[in-house]
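Worksheet for the structure shown next.
The values are calculated or read from the model by the stated rules, or taken from the named source; none is laboratory data. Note that this is a predicted model, so its numbers are computed, not measured. Here Cβ is always computed from backbone atoms with ideal geometry, including for glycine, and neighbour counts include all displayed protein chains. Ligands, DNA and RNA are stripped out before the accessible areas are found, and what is left, the full protein with its side chains, is counted by its heavy atoms. Shrake-Rupley method; radii C 1.70, N 1.55, O 1.52, S 1.80 Å.
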Amino acid sequence: MPQDSLAYALKQASTLVAGVLEGGNLTDGYEAMLSANPSWPDATRGAVRDLTWSTLRDFGRGDAVLRHYLHKPLPSYLHALLLVALYRLEQRPAQSHTLVDQAVEAAAAEVPALKGVINGVLRNVLRETMKLEGWRDADIEARHACPQWWVERVRRDHPADWEAILQAGNLHPPMSLRVNTRRTSTADVLAALEGAGINARRLENDAILLAQPVPVHRLPGFAEGLVSVQDAGAQWAAQWLDARNGERVLDACAAPGGKSAHMLERADIDLIALELDPSRAARVRANLDRLGLDAHIKVADCRRLSTWWDGKPFDRILADVPCSASGVVRRHPDIKWLRRNEDIPRFAAQQAEILDALWQTLAPGGTMLYVTCSVFDEENRRQIDAFLARHPDAETHAIDASAARSLPPTADHDGFYYARLRKLR
């Protein structure tokens, strides 16, 4: 099967989607596939990634259709292949007959005895296209491409704009750049991008938003450490923590290191970057090395103070805590279908433990910035309200005249929540 064929891209994308259907992590699966196929050209990588990520963003729509055709379970690969093919059919209906033939070829490569099932289902779909939208409209998970419990949480937590938040979570994610202001300026980077034929604009927080994503090797100054890829919403963290020269600062959950790097680019600070996972801690080091920056990187659970803290208090702490990642699902669409409603209270309990532990290490008068990439209130406002009730020595330190800042996902940035806390004594 030629690597530049649609059948090949369908086969690889279906393998990745099947891994998610079986409970696997999409990013891990994709990176393992790339490692096994180092000779793939950019076109093949792009086709496989687009088919996989887009299929999982639209999983609810595809599954609503398949429930009308599949009367008994199929092997995961074939189920995934039908989902990928349905996405492609919806996007490019004029190529429907080619798609069916290529999907059958992709089925034959893995489960030849059942290739007729793929052919039959897809040809039935083509004959009954008028029915598809009715089936999808009648299914809440298909209408919003999210699990029902997810839809209900967002609707409860954001009654005024819940539909816009769900819709934004199904878009293709934007690509933004962070400028290393130690070594260049935003104006110079914009000029370099224009010279390279890359359309971009400056956002309110000096992040640079590209009109279209591009491979990093095309970015002027990336290899030299002049720019980094970082979501525009994430770039508020270093600005709102606002660490100053000479301060002792903790990044408590540092991987992959973008926020650590941003703080170091903005000020001469003594930074400790903590990370629980050794392999992710190595990514922090690699990111800092590319930028010519340095920090004390430690592998430890930030809640277990005796394993890493020397007793010297911090002036500022960034607590970018583990969360549901419900604000970044367009980058990680497998999250929507792997998470369960009961996972959210577990994340909230872990976040509370982290806040209570880190608070002990903050100096009186110091500042902690609490960050999640979640749109769920249980991890955000309710978490901070509970923390303030437990800690009378804490108060919110307003961000732009607001007690906290909720940044729902938009076309410009992912979804985040920020709360800045000051220690009174």
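Return the residue satisfying two criteria in turn: it lies in segment 388-425 and is over 25 Å from Pro213 (Cα atoms) and among the β-branched types (Val, Ile, Thr), and of such residues it is least open to solvent (accessible area, probe 1.4 Å). Among those that are over 25 Å from Pro213 (Cα atoms) and among the β-branched types (Val, Ile, Thr), it is Ile399. Residue pairs whose Cβ atoms lie under 8 Å apart, sitting 6 or more positions apart in sequence or on different chains, and linking a residue in segment 201-221 that is without any contact (Cβ under 8 Å) to a residue 12 or more places away in the chain to a partner that is exposed (fewer than 13 other Cβ atoms within 10 Å of the Cβ) and in a loop (DSSP other than H, G, I, E, B), are Arg201/Ala211; His217/Ala223. Residues in segment 180-189 that are surrounded by 14 or more Cβ atoms within 10 Å (Cβ to Cβ) and either out of contact with any strand residue (DSSP E or B) (no Cβ under 6 Å at 6 or more places or on another chain) or basic (Lys, Arg) (or both): Asn180, Thr181, Arg182, Arg183, Thr184, Asp188.
Yes/no per residue for (1) in a loop (DSSP other than H, G, I, E, B); (2) open to solvent by less than 60 Å² (accessible area, probe 1.4 Å); (3) in contact with a Leu (Cβ under 8 Å, 6 or more places away or on another chain); (4) at pLDDT 95 or above:
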residue	(1), (2), (3), (4)
Val151	no, yes, yes, yes
His172	yes, no, no, no
Gly197	yes, no, no, yes
Leu209	no, yes, yes, yes
His217	no, no, no, no
Gly233	yes, yes, yes, yes
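Considering only segment 277-290, state which residues are of a type in the set (D, E, K, R) and either free of Cβ contacts under 8 Å to residues at least 60 places away in the same chain or open to solvent by less than 60 Å² (accessible area, probe 1.4 Å) (or both). Once the filter is applied, which keeps residues that are of a type in the set (D, E, K, R) and either free of Cβ contacts under 8 Å to residues at least 60 places away in the same chain or open to solvent by less than 60 Å² (accessible area, probe 1.4 Å) (or both), segment 277-290 yields Asp277, Arg280, Arg283, Arg285, Asp289.
Note on segment 95-114: among residues that are more than 20 Å from Asp4 (Cα to Cα) and part of a helix (DSSP H, G or I), the one that is least open to solvent (accessible area, probe 1.4 Å) is Leu114.
Of all residues in segment 132-146, those that are within 21 Å of Ser374 (Cα to Cα) and open to solvent by 10 Å² or more (accessible area, probe 1.4 Å) total 2. A single member of Gly19, Gly29, Gly60, Gly46 is assigned to a helix (DSSP H, G or I) and in contact with a Cys (Cβ under 7 Å, 6 or more places away or on another chain), and it is Gly60.
A residue that is of a type outside the set (Val, Ile, Thr), crowded, with 19+ Cβ neighbours inside 10 Å and modelled with pLDDT of 95 or more can be found somewhere in segment 68-77.
Condition check for Ile297 on (1) in a strand (DSSP E or B); (2) closer than 27 Å to Pro173 by Cα: one failure, at (2).
A single member of Arg244, Arg201 is open to solvent by 10 Å² or more (accessible area, probe 1.4 Å) and either part of a strand (DSSP E or B) or within 22 Å of Glu353 (Cβ to Cβ) (or both), and it is Arg201.
Within segment 377-387, identify whether any single residue is outside any strand (DSSP E or B), surrounded by fewer than 17 Cβ atoms within 10 Å (Cβ to Cβ) and touching a Pro at 6+ places or on another chain (Cβ under 9 Å), and answer yes or no. Within segment 377-387 (the criterion being outside any strand (DSSP E or B), surrounded by fewer than 17 Cβ atoms within 10 Å (Cβ to Cβ) and touching a Pro at 6+ places or on another chain (Cβ under 9 Å)), the answer is no, since none of the residues qualifies. Here the condition is being surrounded by 15 or more Cβ atoms within 10 Å (Cβ to Cβ), more than 25 Å from Arg339 (Cα to Cα) and not acidic (Asp, Glu); of Arg61, Arg45, Arg49, it holds for Arg45 alone.
Would you check which residues across segment 291-342 are under 15 Å from Val154 (Cβ atoms) and surrounded by fewer than 16 Cβ atoms within 10 Å (Cβ to Cβ) and list them?
Selection gives Asn341 alone.
If the requirement is being charged (D, E, K, R), within 14 Å of Leu291 (Cα to Cα), over 22 Å from the mean Cα position of the chain (by Cα) and open to solvent by less than 30 Å² (accessible area, probe 1.4 Å), which of these qualifies: Glu265, Glu224? First the steps, then the outcome.
Values: Glu224 fails: open to solvent by less than 30 Å² (accessible area, probe 1.4 Å).
Result: Glu265 is the single residue among Glu265, Glu224 that is charged (D, E, K, R), within 14 Å of Leu291 (Cα to Cα), over 22 Å from the mean Cα position of the chain (by Cα) and open to solvent by less than 30 Å² (accessible area, probe 1.4 Å).
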